[in-house]
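This report concerns only the one structure given below.
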Amino acid sequence: KVSRSAALSVANNNGVRVPWNVTEFSIGSGMWSSAVSATEVTLPVTGFWEIWGRATWAVNASGVRTARVVLKGTTDVTYEMDLSQGVTATGNTNNFSDILYLSSGSKIMMDVLQSCGAALNLISGSTGSVFGARLVGTTA
């Protein structure tokens, strides 16, 4: 599980691959390292993985918020989960989760996009925007 220690400003209508800077927990070593790539989580074993995340946005009643998971591979984007929704005056959160069979060394990332008309922050901390993977099983 990775998160951010500070808010991330996301420009209007400008997709961003979220850079993380805090490891909250990891399976073994090497799943995530800011020295290797702050945006990528690397899966250490082949198996069924629950990929999940949450994009928590600052309050703004305009536009739409989108979060997606990207699997990096030979074609760069080979799988994505999109969640778009309208917003309210009390804030907005995109939550997503799916189970995928992925190979050892697969790299997953989270992209976000918003259209409120100005820059908008992703909220930080373990109760804000987070991203992770949980090994469910190794038998296909």
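Only the coordinates and a few stated rules stand behind these numbers; no lab work does. As the structure is a prediction and not an experimental result, all values here were calculated from the model. Counting neighbours? That spans all protein chains shown, and the Cβs are built from the backbone with ideal geometry, glycine included.
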For segment 65-71, Karplus-derived ³J(HN,Hα) couplings (6.51, -1.76, 1.60; θ = phi - 60°; whole Hz; x for glycine and proline) come out as 10, 10, 10, 8, 9, 10, 9
At 7 Å along the Cα-to-beta-carbon direction for both L135 and V16, put a label point, then send me their distance in nm to one decimal. 3.3 nm
